[in-house]
1. Scan region 103-122 and tell me whether some residue there is free of Cβ contacts under 8 Å to residues at least 12 places away in the same chain, on the phi < 0 side of the Ramachandran plot and either surrounded by fewer than 17 Cβ atoms within 10 Å (Cβ to Cβ) or more than 13 Å from the chain's Cα centre (by Cα) (or both).
2. Residue pairs, Cβ under 6 Å, 6 or more apart or interchain, first in region 250-266 and within 20 Å of SER232 (Cβ to Cβ), second among the aromatic types (Phe, Trp, Tyr). List them.
3. Just for region 171-197: of the residues that are within 19 Å of the chain's Cα centre (by Cα) and of a type in the set (Gly, Ala, Ser), which one is modelled with the lowest pLDDT?
4. What is the one condition in (1) modelled with pLDDT under 95; (2) surrounded by fewer than 18 Cβ atoms within 10 Å (Cβ to Cβ); (3) among the small types (Gly, Ala, Ser); (4) farther than 19 Å from ALA145 by Cα that GLY88 does not satisfy?
5. Kindly indicate whether SER204 is modelled with pLDDT of 95 or more and buried (at least 17 other Cβ atoms within 10 Å of the Cβ).
6. How many residues are buried (at least 24 other Cβ atoms within 10 Å of the Cβ) and farther than 11 Å from PHE49 by Cβ if we restrict to region 1-17?
7. For region 239-260, state whether one or more residues are under 20 Å from ILE144 (Cβ atoms), at pLDDT below 95 and of a type in the set (D, E, K, R).
Amino acid sequence: MPEPIVAVLVTLDSKETEARFACEAIRRAGAVPRLVDTSCRPHGVSGDFLPASRLAEAAGRRWEELAGMDRGAAADVIVAGGRKVLSGWLGDGRLAGGLGRGGANGANIACGIMRALPPLLPKVMVSPVAATAAVQWFVGESDIAMFPSIGDLTLTRLTRADIESAARAAAAMARGWMDRSRAGAKAAPLIGVSSFGGTAACVSRVETRLREAGFEVILFHASGPGGRALESLARLGELAGLVDVTTHELTDLLVDGVYSAGDGRL
């Protein structure tokens, strides 16, 4: 049985040592790491990894162009290229999970790439931003598991343990992904239902009726991220249908409320 492959997304221009340790930890956990450099600038690091220049090329840009861009624009190129590369690996059956490691910029790039991967494919991000209020902007509507790093991103006995734990989690989830993919078990059609406290009684009755009719039901908490997740899964074809009971995210969009799901809702 082949071991699962986990993409390791790190900016090697500043985090090479941490990246190598993460790869070793993934190997110890029984998976195969595939190191992907997400740097936005040229550097002298060499070794066995997919260079960032390949990501730039996948996005239709020349690597040399990034040197003339600001950090945000260069990061957008790397994210676009990384999404294409990892989606290709996934389509070829060569990817079972992803692990990112970095600060704010590194997390922005790694999470930006992993957000394009399908639901349930393991995605793990180790970063100081995981313990901040900004974490929702890194996760978006995806199911990225965020690991707050104990300290800054240098290697110490504490951060080694931190990376080791995240690597073991990613490897274990990747094995689970492969097992489910091989099993290919058929499931009942999945129906999405939007829910919130004020509509809970109605949603409960809807859920009961749907289950009695032979459907599987997943509830989405209409708090912004929930609505975005609902729309994302619908676009991906993961849902056989929707019962949109709870639509106040649209109201919050209009009045700048805290539960807006953005203008992509409905």
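1. Quick first cut of region 103-122, residues free of Cβ contacts under 8 Å to residues at least 12 places away in the same chain only: none.
No, region 103-122 contains no residue that is free of Cβ contacts under 8 Å to residues at least 12 places away in the same chain, on the phi < 0 side of the Ramachandran plot and either surrounded by fewer than 17 Cβ atoms within 10 Å (Cβ to Cβ) or more than 13 Å from the chain's Cα centre (by Cα) (or both).
2. Sorted first by the residue in region 250-266, then by its partner, the pairs are ASP252/TYR259.
3. So in region 171-197, the residues within 19 Å of the chain's Cα centre (by Cα) come out as 171-178, 180-181.
Still in the running and of a type in the set (Gly, Ala, Ser): 171-172, 174, 176, 181.
Details: ALA171: 97, ALA172: 97, ALA174: 97, GLY176: 93, SER181: 79.
Only one residue tops the list, namely SER181.
4. Every listed condition holds for GLY88 apart from (1).
5. Values: modelled with pLDDT of 95 or more: yes; buried (at least 17 other Cβ atoms within 10 Å of the Cβ): no.
For SER204, the condition - modelled with pLDDT of 95 or more and buried (at least 17 other Cβ atoms within 10 Å of the Cβ) - is not met.
6. Our first condition is that a residue be buried (at least 24 other Cβ atoms within 10 Å of the Cβ); within region 1-17, this holds for 4, 6-11.
From the residues that got through so far, the ones that are farther than 11 Å from PHE49 by Cβ too are 4, 6, 11.
Number of matching residues: 3.
7. The answer is no, given that none of the residues of region 239-260 is under 20 Å from ILE144 (Cβ atoms), at pLDDT below 95 and of a type in the set (D, E, K, R).
The values are calculated or read from the model by the stated rules, or taken from the named source; none is laboratory data. All of these numbers come straight from a predicted model, not from anything done at the bench. We place every Cβ from the backbone using ideal geometry, glycine too, and count neighbours over all the protein chains shown.
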